[in-house]
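Here the structure is laid out as structure tokens; the discussion comes afterwards.
The values are calculated or read from the model by the stated rules, or taken from the named source; none is laboratory data. This structure is a prediction, so every number in the text was calculated from the model and none was measured. Note that each Cβ is placed from the backbone with ideal geometry, even for glycine, and that neighbours are counted across all protein chains shown. Ligands, DNA and RNA are stripped out before the accessible areas are found, and what is left, the full protein with its side chains, is counted by its heavy atoms. Shrake-Rupley method; radii C 1.70, N 1.55, O 1.52, S 1.80 Å.
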Amino acid sequence: MSTATHAHDTHGHDHAHAHDHHGPPAGFSRWMYTTNHKDIGTMYLWFSFAMFLMGGSMALLIRAELFQPGLQLVEPQFFNSLTTVHGLVMVFGAIMPAFVGFANWLVPMQIGAADMAFPRMNNWSFWLLIPAALLLVGSFFVPGGAAASGWTLYPPLIIQQGMSIDMTILAVHILGASSIMGSINIITTILNLRAPGMTLMKMPLFVWTWLITAYLLIAVMPVLAGAVTMLLTDRHFGTSFFNAAGGGDPTMFMHIFWFFGHPEVYIMILPAFGIVSQIIPAFARKPLFGYASMVYATSSIAILSFIVWGHHMFTVGMPAAGNLFFMYATMLIAVPTGVKIFNWIATMWKGSMTFETPMLFAVGFLCLFTIGGFSGLVLAITPVDITLHNTYYVVAHFHYVLVSGALFAIMAGIYFWLPKWTGHMYSEGLGKLHFWLSMIGFNVAFFPQHFLGLAGMPRRIPDYALQFTEWNQISTVGAFIFGFSQLLFLYIVISTIRGGAKAPDRTWEGADSLEWTHLPSPVPYHTFETAPVVK
Amino acid sequence: MMTPAQELENKRLMGKLLVITVAMLGFGFAMVPMYKQICDALGITQTRVVGAGNTQVDASRDVTVELLASNAGLPWRFEALERSVKLHPGELVTVRYRVQNNLGRPVTAHAVMNTAPSVAARYVEKQECFCFSNQTLAAGETREMPVVFRVSSNAPRDMDVISLSYTFFEVKASGA
């Protein structure tokens, strides 16, 4: 195994079977006590999918209420709780754990390590998510209902609501601790456990993007923890960080929150860039165009993310110099992002492309993320943002980057690596059906929201003026198509785990990272116990 | 499997990363005073309000308002702190008067305004004046009183000097 280095060598894995006597224990204790990066990755992904369905149900309830003007289904307070918890669940429960799941599965295999650097802590990082999720969703059932302040938790509203806020704050603390532990694990694994010859600039781009993401996480999750701690002490311990009645400043919270919040946006998109950077070369059957520039662009985006938080708060009365600074800094981020987009296009240029489901999702990502990027540039213009702030245009923008950006990349990655993980091919026909239903449903749901926002429809309100009715109805129809087509995704994944055509070890002929070239499908429980040598 | 040396190296790196984590937690709290200090130092605490100056001020001309004070049969010492004030029509100004009750008993009095020329009275717009209410002063008490007013920008252009005069009359206790 240690000498198996050639890209086409698929026989070098034979030794791996020698370790099968050390297989996983059966039953629940396997998952409770596991320190295996593949088990933990699987649990992260299932947890993420469960949260995705939960947050998605809330979104469908929101869209059902907005199908008609007036109040039909839910009380306004409950509607506000739905938008708030939908946001928190999707950000902290669905998108982030999904990427950590990918990192657990792929980082050790792609750098030729046997496991993560701290396997026991890895187990902890996952199991902390469960109490956090219970607190977050359980807050719906306490007096006063779940947090209704929006996922950004702005004071003074958040200081006034009931005990559900304390549950939310505690959930954020636990999720933050989990993310920080996961990040320390990932950074240590990548920096210390790479196989001989696997230099930093030979690492697959997914590993690179996660290395940078993990640094972002340990830099900003503690800041969020500090911000919500200040909320907690303002609520219960008589401090006045944000309480104007005691000399505090509510806009201070916005500054601290968005100092976390904007890097958080890139935490949710950089691993997606990494996944897409693995998939597009595989199906274009060409190496990634501009590998080094991709690494530098990712780093630039990460660094710039620390100096643009003010663009979330152009309307709070910052000085003109501040507004201008944040406007130009935000526009600057379009440069490295553009480098990435053009590199992906150049990778496809004159490639021998085929369009299996992972590639469809990757190309869908490329098109729709670019739309989301452009609407982001529109919102970066201070005077335009003052008009569009808190309208549905903003909602459309961030769903284009988070759903058709982050989520499409996650789905692309699932289809791409599912044959490697399970040893079975998924149904290509059903996969393509899932893609087209998602693509059409998503665009029907969210493209009209640009029009609604430009026409002045505000977000986070359960009622609207009559003239917005038609586009809202179209949007709701699209949302239900998109939402229910995810049940098809669930069916495809389960049936692929249970059986299906045998997947070849190198499922995609253009894929060339270690898990494809050195490991069988399905991957054995333990891999790379002797590190491969990379030339 | 990992060698002890490798595990030690991993723990070292974890230690460094934990230092960053704790430092960033501290940084989150430090932002509260830092924002205040930096914004004060750079003078960028406020949105610059463009063009919100008072457009009703007619800066093209000046009006001199002479401030006079007198008593009608009262031994009060009553005077303006300035003899006159120069202002633009539309501009809000504050002037102060001082009054002292030299009588050995409490006195209630009311001030009546007069202008010269008398037509100017309609252009003197008062927001705050001691003449709006009775003034009761204890024996020997001194009081400073503001008048906040402006001269309307509708005032005729040839009205460049206005005499503003106040006269205190004693208010006799009535049966009511």
Problem set entry | Average partner coverage of B:27-40, which counts Cβ from other chains inside 10 Å | 4
Exercise. So which of A:340/A:420; A:286/A:432; A:38/A:420; A:286/A:502; A:202/A:286 end up more than 18 Å apart by C-alpha?
Worked result: A:340/A:420; A:286/A:432; A:286/A:502
Seminar exercise, completed: Residue separation between residue A:121 and residue A:77 times 0.36 nm, minus their alpha-carbon distance, gives in nm 11.9 nm
Problem set entry | Accessible-area order (highest first, 1.4 angstrom probe) of the listed residues A:151, A:508 | A:151, A:508
Seminar exercise, completed: Taking the alpha-carbon centre of each part, the distance from the stretch B:68-116 to the stretch A:188-216 in Å is 83
Exercise. When we measure straight from the Cα of residue B:16, which aspartates and glutamates land under 19 angstrom away, once same-chain ones fewer than 8 places off are left out?
Worked result: B:7
Problem set entry | Label-zone membership for the stretch A:154-181, site residue A:236, 7 angstrom Cα→C-beta point, backbone N under 18 Å | A:155, A:158-177
Problem set entry | Tail weight of P(r) past 47 Å, computed on alpha-carbon pairs of the protein assembly as shown, percent | 34
Exercise. Highest mean first, what order results for B:158-169, A:185-196 on Cβ atoms within 10 Å?
Worked result: A:185-196, B:158-169
Exercise. Residues of the stretch A:307-332 losing 40 Å² or more of accessible area relative to the isolated chain, 1.4 Å probe, heavy atoms only?
Worked result: A:319
Exercise. Which whole-number percent is the relative contact order of the stretch A:104-205 (Cα, under 8 Å, 6+ apart)?
Worked result: 43
For this session: Compute the distance in nm between two label points, each set 7 Å from the Cα along the Cα-to-Cβ direction, one at residue A:26 and one at residue B:93.
Result: 10.0
Seminar exercise, completed: Helix-only [θ] at 222 nm, the protein assembly as shown, -39500 (n - 2.57) per DSSP H run of 4+, per residue, nearest 500, equals -18000 deg cm²/dmol
Seminar exercise, completed: Across the alpha-carbon set of the stretch A:75-117, Rg over Rh with Rh taken as the Kirkwood radius works out to 1.35
Exercise. Rg(Cα) of the stretch A:271-502 divided by 2.2 N^0.38 Å?
Worked result: 1.12
Problem set entry | Sequence-separation-based contact order of chain A, relative, with Cα cut under 8 Å and 6+ spacing, percent | 21
Exercise. Using the beta-carbon distance between residue B:134 and residue B:41 and R0 = 56 Å, what value does 1/(1 + (r/R0)^6) give for FRET efficiency, to the nearest 0.05?
Worked result: 0.65
Seminar exercise, completed: FRET efficiency for residue A:502 and residue A:61 from the Cβ-Cβ distance with R0 = 41 Å, rounded to 0.05, comes out at 0.45
Exercise. How high is the FRET efficiency from residue B:103 to residue B:79, r the C-beta distance, R0 22 Å, rounded to 0.05?
Worked result: 0.85
Problem set entry | Overall Cα dimensions of the stretch B:1-46 - principal axes, largest extent first, Å | 60, 14, 12
Exercise. Once you put a point 7 Å from the Cα of residue B:144 and another 7 Å from the Cα of residue A:466, both along the Cβ direction, what distance in nm separates them?
Worked result: 6.3
Seminar exercise, completed: Heavy-atom accessible area of residue A:325, protein chains in place, probe 1.4 angstrom, given in Å² to nearest 10, is 100
Exercise. Going by the alpha-carbon gyration tensor, a ≥ b ≥ c the square roots of its eigenvalues, is chain B rounded (a/c under 1.5) or, if a/c is not under 1.5, prolate (a/b greater than b/c) versus oblate?
Worked result: prolate
Seminar exercise, completed: With a 1.4 angstrom probe the carbon and sulfur portion of accessible area for the stretch B:1-46, in percent, totals 70
For this session: May I ask you to list the GluC sites (Glu not before Pro) in the stretch A:412-512 that are in a DSSP loop and have at most 15 other Cβ atoms within 10 Å of their Cβ?
Result: A:509
Seminar exercise, completed: Between chains B and A, total accessible area buried, probe 1.4 Å, no ligands or nucleic acids, nearest 100 Å², roughly 2400
Exercise. Which distance in nm do the two modelled labels at residue A:381 and residue A:455 give, with both placed 7 Å along the Cα-to-Cβ direction?
Worked result: 2.2
Exercise. Which whole number gives the average count of other chain Cβ atoms within 10 Å of the Cβ atoms across peptide A:228-235?
Worked result: 1
Problem set entry | Inter-chain shielding of A:215-223 (mean C-beta neighbours from other protein chains, 10 Å cut-off) | 4
Exercise. Amide H to amide H under 5 Å from residue A:243: which residues, 5+ apart in sequence or cross-chain, H placed 1.01 Å off N in plane?
Worked result: A:248, A:249
Problem set entry | Net lengthening on full extension, residue A:141/residue A:332 (0.36 nm per residue, minus Cα-Cα) | 64.3 nm
Problem set entry | Long-range amide H partners of residue B:163 with built H, under 5 Å | B:66, B:116
Exercise. For residue A:255, what charge total do you get from the other residues with a beta carbon under 14 Å from its beta carbon, if Lys and Arg give +1 and Asp and Glu give -1?
Worked result: 0
Exercise. Expressed as a whole percentage, what fraction of the accessible surface of the stretch A:239-341 belongs to carbon and sulfur atoms when a 1.4 Å probe is rolled over the protein heavy atoms?
Worked result: 75
Exercise. Which whole-number percent is the relative contact order of the stretch A:38-268 (Cα, under 8 Å, 6+ apart)?
Worked result: 21
For this session: Once you have the Cα-Cα distance between residue A:160 and residue A:346, take 0.36 nm times their residue separation minus that, and quote the gain in nm to one decimal.
Result: 61.7 nm
Exercise. Does the stretch A:90-139 come out rounded, prolate or oblate, given a ≥ b ≥ c as the square roots of the eigenvalues of its C-alpha gyration tensor, rounded meaning a/c under 1.5 and, failing that, prolate meaning a/b above b/c?
Worked result: oblate
Problem set entry | Euclidean distance between Cα centres, the stretch A:402-439 to the stretch A:217-232, Å | 34
For this session: Using θ = phi - 60° and the Karplus relation 6.51 cos²θ - 1.76 cosθ + 1.60, list the HN-Hα couplings for the stretch A:242-259 in order, rounded to whole Hz, with x at every Gly or Pro.
Result: 10, 8, 4, 4, x, x, x, 9, x, 5, 4, 4, 4, 4, 5, 4, 7, 4
